[in-house]
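A.B. asks: Provided herewith is a single structure, encoded as structure tokens, for subsequent inquiry.
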């Protein structure tokens, strides 16, 4: 019996002592497995519409008359687009290829309207509404377009309702947005399977 | 009291060299696991392989398996008290002691899985908030702790009477034993309901889960106890009759066959007409894509079938070595099926269809092994103390 | 042996004592890294009750303490408020998937507003890229790069976050009632009561819940100092969190961060009980659908395919 009891002293106790050293060493050397935090880019989270900055920074808005009334003559209304007029403007607005469908031919600071008086820059949505009636109605209802501010507006300035041109370039109205944010990141320890490996082409 | 402690200390430190090496081995594992767990406490569960996608991993998998092992003690008790099988009666205490160790392992697995173990008191009724009866987890807390106390009471009462050289009072003993017979399936059923009740996880949301849990438990648990008994018999600690082994073997065999049947039933239902809800199982079995778990679940099915064939071959069963091998295969097979093959695939893919696989980290494996080692150490100690009392070597003077 | 049989000999006693001592020392060494724990244990925090059992005085005291802790940790003067739910309001969100371009601005605006952990990364919103002609989540791609966003001629995009269910499975399963549904329909978590069992993560059919697997890290200059107790105050290691419809903003009448950041106006937010609200107008006029409607959790997040 005693011979076996000695085993405790010769094996268990030294093993425990060895473990003490191992634990203390590993306790000091073990570092946090969490990678440090990376700051977010403000481009990823600051609210913005595609043309918000362009519109706010525009200088000559509403001042077209300075040139058009003084030096540039009123063109022939049958011309779709006068040669050499604003060559930087690339027009991709579907069927709508004539400049004077929207720009008022007699007063270039205004837009065309049904009553012939012309629309001011700030009411541009009414101009778009002449063709895009359903969208215009939805925009008025608040179901189309971007709102900022309060979901339950009580005072007139509680909510900012963006006009059409804050998102759509009137000359190329197809929606364009440049600041896309990156996908979520997974730590190395997570093994993610690509969908392609699971679902074959035909099934996918 | 001091007398008693010194008696038990003597029992505990005297043993053959295998015993001493075994205890030392387990003790070292427990200490290493303790160290690993302290790391987990400091750096959070990030030290495990779990993430938002697979939010339960190795710990809960082992928990689900061990609840079954604990419940299985009842399968040894039933033949004794319902079918009046006198021969098996002698070994009931070993099954009940194992139930104690297994429930404690279960509770440890749940505790180490918690993110905020310091807030455990929130779960205590009255001083905390016990969200009962809505939350199945509260039911699990009740049934697991209840089962633990029932088993501690039965074992303590039995050993106490033996120590005092008295016969246990039949009505006390029997009433508690019958309570435990009713209670034991409940712990596993409730654990199955824990998963089964989640409508958002189609892999778990199947009415066959609870029966599958019970059948797998009632084969894995008795199989483990059979291994223990044959080993104890080999070391001449107790004598086990041929009849006892046969009776337990029969239980294991039948439950194993039922379990394999249930598994194939589930596979058929999911894969014959593969709906979008069968993607978890299809991915697990490697029908669509390849999961890390695919080889393991295939191995599990193979092991279960091999074990079943071994159990059904009378020639092999005459030799206890083959019985032990078949039992080990059963246990490993069911551990793979219930742990790796049930809990984890429920999360792959996520409800939004993201296929993030789970691989336990080294730290996590250390902690898991350590809980197992702790449980086995506890069981070893309990058996070591119980043996001389049962054999009449320690008595009150 | 005889008489000696049950007596502990001196040698045996010393052996047992030796083993005991060695084990104790080794255990102490094993848990010695715990000394590294930076967060000092606070009895006040430990004994803090569930939010719903707090008296107004308790709340005032707790908010003061939290403000102090946050200012100390981040060097920013934070203000913790507790806006009450508005009467007669049930919040709902409508996402027009016909408009979503998958730019993920909502994801990061949400992270910034709600002080989500940057590492390990916690994002409440997951944007999925779908094949045209499919609404199968299993084939959806979650990690498409920036360059594949905005290709609405090839794909369509679907953002998913907490659906603020009327019958939330996550609330039902929580064993300690650390999460509940507020009268305005927002499901919130008491970050000081959650025990971190992650049962809610398993129960949620929308992958709406997140867990803090490590101590959340937020760069000091990015902290949003305008906080509410139930929503965007910094979280703790080891507890669950979720989208709260930015209740620190919405209960004060403002739009959520994701709605405000959406450049296309695909997200609409408002009061479900008000027939004049944007969300009601869409639900009444358009054909909306609900994700995983068969689960019957009655989400308050609606999807609509609409080009107008």
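The values are calculated or read from the model by the stated rules, or taken from the named source; none is laboratory data. Quick caveat: nothing in here was measured; it's all calculated off a predicted structure. Here the Cβ positions follow ideal geometry from the backbone for every residue, glycine too, while neighbour counts run over all protein chains shown.
A.B. asks: Would you point out which residue out of B:316, B:340 is surrounded by fewer than 22 Cβ atoms within 10 Å (Cβ to Cβ), at pLDDT below 95 and either within 29 Å of residue B:263 (Cα to Cα) or touching a strand residue (DSSP E or B) at 6+ places or on another chain (Cβ under 7 Å) (or both)?
C.D. replies: Answer to the selection: B:316.
A.B. asks: Given the conditions (1) at pLDDT 90 or above; (2) farther than 30 Å from residue C:285 by Cα; (3) within 12 Å of chain A (Cβ to nearest Cβ); (4) exposed (fewer than 13 other Cβ atoms within 10 Å of the Cβ), and given that residue C:35 satisfies all but one, which numbered condition is not satisfied?
C.D. replies: With respect to (1) at pLDDT 90 or above; (2) farther than 30 Å from residue C:285 by Cα; (3) within 12 Å of chain A (Cβ to nearest Cβ); (4) exposed (fewer than 13 other Cβ atoms within 10 Å of the Cβ), residue C:35 is out only on (1).
A.B. asks: Run residue A:10 past the list (1) more than 30 Å from residue A:106 (Cα to Cα); (2) more than 10 Å from chain C (Cβ to nearest Cβ); (3) in contact with a helix residue (DSSP H, G or I) (Cβ under 9 Å, 6 or more places away or on another chain) and report the number of the one that doesn't hold.
C.D. replies: (3)
A.B. asks: Quick check on residue B:118: is it within 11 Å of chain C (Cβ to nearest Cβ) and free of Cβ contacts under 8 Å to residues at least 24 places away in the same chain? First the steps, then the outcome.
C.D. replies: Details: within 11 Å of chain C (Cβ to nearest Cβ): yes; free of Cβ contacts under 8 Å to residues at least 24 places away in the same chain: yes.
Yes: the conditions hold for residue B:118.
A.B. asks: Being touching a strand residue (DSSP E or B) at 6+ places or on another chain (Cβ under 9 Å) and either over 25 Å from residue C:219 (Cβ atoms) or in contact (Cβ under 8 Å) with a residue 24 or more places away in the chain (or both) is the filter here; which residues of the range C:65-79 pass it?
C.D. replies: Within the range C:65-79, C:66, C:70, C:78, C:79 qualify.
A.B. asks: Could you say which residue among A:50, A:77, A:73, A:39 is at the interface with chain C (Cβ under 8 Å from one of its Cβ atoms), more than 30 Å from residue C:9 (Cβ to Cβ) and loosely packed, with under 12 Cβ neighbours inside 10 Å?
C.D. replies: Result: A:39 is the single residue among A:50, A:77, A:73, A:39 that is at the interface with chain C (Cβ under 8 Å from one of its Cβ atoms), more than 30 Å from residue C:9 (Cβ to Cβ) and loosely packed, with under 12 Cβ neighbours inside 10 Å.
A.B. asks: Could you list all residues from the range B:14-36 that are surrounded by 23 or more Cβ atoms within 10 Å (Cβ to Cβ) and facing chain C (nearest Cβ under 8 Å)?
C.D. replies: Those that are surrounded by 23 or more Cβ atoms within 10 Å (Cβ to Cβ) and facing chain C (nearest Cβ under 8 Å): B:31, B:35.
A.B. asks: While we're on this one: Suppose we filter the range C:105-115 for residues that are more than 7 Å from chain A (Cβ to nearest Cβ) and touching a strand residue (DSSP E or B) at 6+ places or on another chain (Cβ under 8 Å); how many remain?
C.D. replies: Going through the range C:105-115 one residue at a time, the tally reaches 2.
A.B. asks: Name the one entry in C:244, C:264 that is within 16 Å of residue C:125 (Cα to Cα) and away from chain B (no Cβ under 14 Å).
C.D. replies: Result of the check over C:244, C:264: C:244.
This table checks each residue for (1) at pLDDT 90 or above; (2) not in a helix (DSSP H, G or I).
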residue	(1), (2)
A:6	no, no
A:9	no, no
A:19	yes, no
A:25	yes, no
A:31	no, yes
A:34	yes, yes
A:39	yes, yes
A:47	yes, yes
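A.B. asks: Continuing with this model, one more query. Is it the case that the range B:48-58 has a residue that's at pLDDT 95 or above and within 16 Å of residue B:105 (Cα to Cα)?
C.D. replies: Within the range B:48-58, not a single residue is at pLDDT 95 or above and within 16 Å of residue B:105 (Cα to Cα).
A.B. asks: For residues that are under 16 Å from residue B:387 (Cα atoms) and out of contact with any helix residue (DSSP H, G or I) (no Cβ under 8 Å at 6 or more places or on another chain), tally how many sit in the range B:149-167.
C.D. replies: Total meeting the criteria: 5.
A.B. asks: I would also like to ask the following. Could you please let me know if residue B:165 is assigned to a loop (DSSP other than H, G, I, E, B) and either more than 14 Å from every other protein chain (Cβ to nearest Cβ) or within 30 Å of residue C:297 (Cα to Cα) (or both)?
C.D. replies: yes
A.B. asks: Given the options C:17, C:26, name the one that is free of Cβ contacts under 8 Å to residues at least 60 places away in the same chain and touching a helix residue (DSSP H, G or I) at 6+ places or on another chain (Cβ under 6 Å).
C.D. replies: Values: C:17 fails: touching a helix residue (DSSP H, G or I) at 6+ places or on another chain (Cβ under 6 Å).
Every option except C:26 fails the conditions.
A.B. asks: Only one of these conditions is not met by residue C:238: (1) in contact with a helix residue (DSSP H, G or I) (Cβ under 7 Å, 6 or more places away or on another chain); (2) within 19 Å of residue C:124 (Cα to Cα); (3) buried (at least 23 other Cβ atoms within 10 Å of the Cβ); (4) in contact (Cβ under 8 Å) with a residue 60 or more places away in the chain. Which number is it?
C.D. replies: Residue C:238 satisfies every listed condition except (4).
A.B. asks: Further, regarding this structure: Here are the criteria: (1) touching a helix residue (DSSP H, G or I) at 6+ places or on another chain (Cβ under 6 Å); (2) crowded, with 18+ Cβ neighbours inside 10 Å. Tell me which single one residue B:332 does not satisfy.
C.D. replies: Checking residue B:332 against (1) touching a helix residue (DSSP H, G or I) at 6+ places or on another chain (Cβ under 6 Å); (2) crowded, with 18+ Cβ neighbours inside 10 Å, the one that fails is (2).
A.B. asks: Moving to a separate point now. Looking at the structure I just gave you, is residue C:170 on the phi < 0 side of the Ramachandran plot and in contact (Cβ under 8 Å) with a residue 24 or more places away in the chain?
C.D. replies: Yes, satisfied.
A.B. asks: Could you check residue B:352 against (1) in contact with a helix residue (DSSP H, G or I) (Cβ under 9 Å, 6 or more places away or on another chain); (2) in contact (Cβ under 8 Å) with a residue 40 or more places away in the chain; (3) assigned to a loop (DSSP other than H, G, I, E, B) and say which number it fails?
C.D. replies: (2)
A.B. asks: Name the one entry in A:195, A:150 that is touching a strand residue (DSSP E or B) at 6+ places or on another chain (Cβ under 7 Å), at pLDDT 90 or above and surrounded by 13 or more Cβ atoms within 10 Å (Cβ to Cβ).
C.D. replies: A:150
A.B. asks: Taking into account only those residues within the range C:116-136 that are in contact with a strand residue (DSSP E or B) (Cβ under 7 Å, 6 or more places away or on another chain) and at the interface with chain B (Cβ under 9 Å from one of its Cβ atoms), which is nearest to residue A:35 (Cα to Cα)?
C.D. replies: C:122
This table checks each residue for (1) away from chain B (no Cβ under 14 Å); (2) closer than 30 Å to residue C:93 by Cα; (3) touching a strand residue (DSSP E or B) at 6+ places or on another chain (Cβ under 9 Å); (4) in a loop (DSSP other than H, G, I, E, B).
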residue	(1), (2), (3), (4)
A:97	yes, no, no, yes
A:109	yes, no, no, yes
A:126	yes, yes, yes, no
A:154	yes, yes, no, yes
A:157	yes, yes, yes, no
A:177	yes, yes, no, yes
A:186	no, yes, yes, yes
